[in-house]
Amino acid sequence: MKRVNCCLVSMVMVSSVITSCSKLEQSTTTSTTPPIAVVPITTPIATTYPAIKSTFGSEIDVNNLANYANQSKPTYITKDNTGNNPITNAKATLGRVLFYDKNLSVTNTISCSSCHKQEFAFSDTALVSNGVLGGLTTRHTMRLVNARFSNELKFFWDERAASLELQTTQPITNHDEMGFSGQLGRGNINTLLSKLQGIDYYNELFKFTYGDINVTQARLQECLAQFVRSIQSFDSKYDAGRALVNNDNANFNNLTATENLGKTLFMTPPVFDANSNRVTGGLGCDACHRSPEFDIDPNSRNNGVIAVANSNATDLTVTRAPSLRDLVNTAGTMNGRLMHSGGIRDIATAVSHYGGFINDNANLDNRLKPNGRNVQKLNLTAAEINAVVSFMKTLAGTNVYVDKKWSDPFVNN
């Protein structure tokens, strides 16, 4: 339109000059302005994504993406390890597809969701999880709920991944898990990238998300991490009570007397004598599993569980834990075994472990040796254990198990 306007101005100016000259010269010549061509305005044709439509049906609508980027959270939740990878709806949607796609394994039989199952708060009820061609994970599958809401940046039980982004592709390249190890005749991560490049719905998803169809490891990591960080749970009985008070030490009106007692025991530090026997105070769980996120303190060391699943070996390298939220579902059923070894089946046994069954070792967290010499003995009563268990069950949410934006998009295939 700008070019047409310029032409119009120029023509008017020329016409004016000719007219002026004609008047001065008393010419009888008549000036006529030529007609201006009108360029029609065309409406851009909307981009269509037939492969996305045929593969996912109503599960993914690129014109109406699920809300991953702007989910609400309580004002008292302040910890966040997002870093420089903020969640967007497009990338989290692509991450969802990657998370559930069995094409990410060498045998097309295992996905991230094979171990991290939505119905179990993105954990697994098995001791260890199945990988490709008879392979097994070496540790129990960690829950992924609220992975974002923590000051801890490192991932895996032994913190070997410096970020969630770097963690996401390590199971893919693990020989026993998803198999793209580059070992024993198997392809490596580049083999996977080429494989995904040849799948029509990834061409469309990457084009929609990034503007081109290039599949790279960095993009896989970025999108998978965004999807995992989007998985949140803040609709528990605990949250309903916490929203009405100023801090966790206040009494929650919606909790029972037993649950409030358990909360007090959880939050209150113990007092020990010279021999590391608790003489008063609580259990001090909050020192490592910090409310209200109930995330692990990044400075935590080993917790005295040194067993290895399916082995007589010992493991002193474990220093991380997931959030304590959603250990159970709202019916009170465990979402899986506890600890990296999967050797503890219920919350009461886990609480009892800290009461007097801690294995001393060179990497033990010093908070579990209050005098620097003896391992703590909490001398727990049955009533105290029951109260703490009752409180921890109030951390169970509801929506995380049923929200479709975290569910399998391949469900109709």
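The values are calculated or read from the model by the stated rules, or taken from the named source; none is laboratory data. All figures in this text were calculated on a predicted structure; none of them were measured in a lab. Heads up, the Cβs are rebuilt from the backbone with ideal geometry, glycines too, and the neighbour counts pull from every protein chain shown.
Listing for the model above:
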{"quantity": "Residues located in the stretch 157-169, provided they are part of a helix (DSSP H, G or I) and buried (at least 16 other Cβ atoms within 10 Å of the Cβ)", "calculated": "164, 165, 167, 168"}
{"quantity": "Selection status of residue 128, in contact with a strand residue (DSSP E or B) (Cβ under 6 Å, 6 or more places away or on another chain), within 19 Å of residue 309 (Cβ to Cβ) and modelled with pLDDT of 95 or more", "calculated": "yes"}
{"quantity": "Members of the stretch 123-146 that are over 16 Å from residue 176 (Cα atoms) and either of a type in the set (Lys, Arg) or without any contact (Cβ under 8 Å) to a residue 12 or more places away in the chain (or both)", "calculated": "143"}
{"quantity": "Subset tally (residues that are over 26 Å from residue 67 (Cβ atoms) and either assigned to a helix (DSSP H, G or I) or among the polar types (S, T, N, Q) (or both)) for the stretch 197-233", "calculated": "5"}
{"quantity": "Every residue from the stretch 122-156 that is touching a Lys or Arg at 6+ places or on another chain (Cβ under 8 Å) and part of a strand (DSSP E or B)", "calculated": "123, 155"}
{"quantity": "Count - residues of the stretch 48-69 that are in a loop (DSSP other than H, G, I, E, B) and either in contact (Cβ under 8 Å) with a residue 12 or more places away in the chain or under 14 Å from the mean Cα position of the chain (by Cα) (or both)", "calculated": "8"}
{"quantity": "Selection status of residue 353, not in a helix (DSSP H, G or I) and not β-branched (Val, Ile, Thr)", "calculated": "no"}
{"quantity": "Residue check for residue 262: under 23 Å from the mean Cα position of the chain (by Cα) and of a type outside the set (Ser, Thr, Tyr)", "calculated": "no"}
{"quantity": "Residue among 379, 374 that alone is over 32 Å from the mean Cα position of the chain (by Cα), assigned to a loop (DSSP other than H, G, I, E, B), at positive phi and not assigned by TED's automatic domain parsing to the domain that holds residue 164", "calculated": "379"}
{"quantity": "Residue within the stretch 249-265 that is in the same structural domain as residue 389 (by TED's automatic domain parsing), without any contact (Cβ under 8 Å) to a residue 24 or more places away in the chain, of a type in the set (Val, Ile, Thr) and not in a loop (DSSP other than H, G, I, E, B) present", "calculated": "yes"}
{"quantity": "Scan of the stretch 178-216 for residues that are crowded, with 16+ Cβ neighbours inside 10 Å, polar (S, T, N, Q) and under 26 Å from residue 83 (Cα atoms), ordered by number", "calculated": "209"}
{"quantity": "Number of positions in the stretch 267-278 that are under 18 Å from residue 385 (Cβ atoms) and either at pLDDT below 95 or hydrophobic (A, V, I, L, M, F, W, C) (or both)", "calculated": "1"}
{"quantity": "Hey, residue 348 in contact with a strand residue (DSSP E or B) (Cβ under 8 Å, 6 or more places away or on another chain) and either surrounded by 14 or more Cβ atoms within 10 Å (Cβ to Cβ) or not in a loop (DSSP other than H, G, I, E, B) (or both) or not", "calculated": "no"}
{"quantity": "Pick from the stretch 304-313, criterion touching a strand residue (DSSP E or B) at 6+ places or on another chain (Cβ under 9 Å) and part of a strand (DSSP E or B), ranking: surrounded by the fewest Cβ atoms within 10 Å (Cβ to Cβ)", "calculated": "313"}
{"quantity": "In the stretch 289-303, residue surrounded by the fewest Cβ atoms within 10 Å (Cβ to Cβ) [restricted to those that are among the polar types (S, T, N, Q) and free of Cβ contacts under 8 Å to residues at least 60 places away in the same chain]", "calculated": "299"}
